[in-house]
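Chemist: Got a structure here, written out as structure tokens. Questions coming.
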Amino acid sequence: MNKMKKTGLWLGITTLTLSLAVLHFPTWTPKIKGTNPILVLEQVKINGTGHEIMIRGQDLDNPVILYLHGGPGASELPYAKKVQDLLESQFTIVNYDQRASGKSYHFFEDYSNLSADVLVEDALAVTDYITQRLGKKKVILIGHSYGTYIGTLAAHRAPDKYEAYIGIGQMADTQQSEMDGWNYVMEQAQLADNYEDINQLEQIYEPIKQGQAFTPRDIVKRYGGTSRLMDSPDTSFLGMTFSHEYNMLDAIR
């Protein structure tokens, strides 16, 4: 074997090794200071499937918050700690990837029967797991975006499990909400003389009005309509891949 072939072989082996290492790199949640802290990142089988759960807090005696991410399928676990650091001093925060999302997605699992009702049942089962594990009678339930839909249904079905419910970006009349979003970004696009966005918004107006489509999220984000009074966390593929809690395989999930 000549020198060029040997170099190519070693380069191929090195590339493959590095790729596998990035794909399967160990994940964890960073240390937390406190009088009686807890930091957990674990896979637990709940309601018939594996759920990835992260628990963080400075004192186990503090009240517990169970947080439901949005989507469907928009895991917030890779950057949750970046926006909850102040809460961790007063509460124990539980985040989990919902069924078929992020680390709770399993490549060969059958998700043909996945529905909002199943996600609500999962949320109730996760609540039971958390209260038992942390020795609490009730928890505070917080939903974000689509998580508010799951959260309100869960709180309605089992109000005795929760101290309180908090909705962030609360879902109510989704069709009207999308129209409000369309009107906002159309006005901003017109003020910016962005005719490409104006044309795209005009084409999708009727489907949105009929409740058959969403206002394009890239356009909403372009005009500052996705977050307020804060910098949005890095939700890109690379941002997730190089977080402590996710590796590349998790980001692909």
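Chemist: Under 7 Å by Cβ, and 6 or more places apart or on different chains, what pairs join a residue from region 45-59 that is assigned by TED's automatic domain parsing to the domain that holds residue 110 and under 12 Å from residue 98 (Cβ atoms) with one that is among the hydroxyl-bearing types (Ser, Thr, Tyr) and assigned to a strand (DSSP E or B)?
Modeler: Matching pairs, first to second residue: 51/96; 52/96; 53/96.
Chemist: Report yes if some residue within region 185-206 is in a strand (DSSP E or B), surrounded by 13 or more Cβ atoms within 10 Å (Cβ to Cβ) and modelled with pLDDT of 95 or more; otherwise report no.
Modeler: In the first step, residues of region 185-206 are kept if they are in a strand (DSSP E or B); the result is none.
Looking through region 185-206, none of the residues is in a strand (DSSP E or B), surrounded by 13 or more Cβ atoms within 10 Å (Cβ to Cβ) and modelled with pLDDT of 95 or more.
Chemist: Still on this structure, please answer the following. Only one of these is surrounded by 15 or more Cβ atoms within 10 Å (Cβ to Cβ) and in a strand (DSSP E or B): 99, 56. Name it.
Modeler: The unique qualifying residue is 56.
Chemist: Mind listing just one residue for me: the one in region 24-44 that is in a loop (DSSP other than H, G, I, E, B) and without any contact (Cβ under 8 Å) to a residue 60 or more places away in the chain and, of those, farthest from residue 241 (Cα to Cα)? So that I can check it myself, show each step before the final result.
Modeler: To start, the set of residues in region 24-44 that are in a loop (DSSP other than H, G, I, E, B) comprises 24-35, 37.
From the residues that got through so far, the ones that are without any contact (Cβ under 8 Å) to a residue 60 or more places away in the chain too are 31-35, 37.
On the way: 31: 19, 32: 22, 33: 25, 34: 28, 35: 31, 37: 26 Å.
Selected residue: 35.
Chemist: In region 157-179, what residues are in contact with a Pro (Cβ under 9 Å, 6 or more places away or on another chain) and either without any contact (Cβ under 8 Å) to a residue 40 or more places away in the chain or in a helix (DSSP H, G or I) (or both)?
Modeler: The one that is in contact with a Pro (Cβ under 9 Å, 6 or more places away or on another chain) and either without any contact (Cβ under 8 Å) to a residue 40 or more places away in the chain or in a helix (DSSP H, G or I) (or both): 165.
Chemist: For residue 154, all conditions in the list (1) in contact (Cβ under 8 Å) with a residue 24 or more places away in the chain; (2) part of a loop (DSSP other than H, G, I, E, B); (3) under 28 Å from residue 115 (Cβ atoms) hold save one; what is the number of the exception?
Modeler: With (1) in contact (Cβ under 8 Å) with a residue 24 or more places away in the chain; (2) part of a loop (DSSP other than H, G, I, E, B); (3) under 28 Å from residue 115 (Cβ atoms) applied to residue 154, the lone miss is (2).
For (1) modelled with pLDDT under 95; (2) in a loop (DSSP other than H, G, I, E, B); (3) farther than 20 Å from residue 138 by Cβ; (4) not small (Gly, Ala, Ser), each residue gets a yes or a no:
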| site | (1), (2), (3), (4) |
| --- | --- |
| 66 | no, no, no, yes |
| 72 | yes, yes, yes, yes |
| 78 | yes, no, yes, yes |
| 81 | yes, no, yes, yes |
| 85 | yes, yes, yes, yes |
| 93 | no, no, no, yes |
| 113 | yes, yes, yes, yes |
| 122 | no, no, no, yes |
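Chemist: To continue, here is another question. Among (1) modelled with pLDDT under 90; (2) part of a helix (DSSP H, G or I); (3) farther than 30 Å from residue 118 by Cα, there is one condition residue 249 misses while meeting the rest; what is its number?
Modeler: (3)
Chemist: Here's something else I'd like to know. State whether one or more residues within region 135-150 are surrounded by 15 or more Cβ atoms within 10 Å (Cβ to Cβ), within 22 Å of the chain's Cα centre (by Cα) and on the phi > 0 side of the Ramachandran plot.
Modeler: yes
The values are calculated or read from the model by the stated rules, or taken from the named source; none is laboratory data. Please read these numbers as outputs of a predicted model, since none were measured by experiment. Ideal geometry is used to build each Cβ from the backbone, glycine not excepted, and the neighbour counts take in all protein chains shown.
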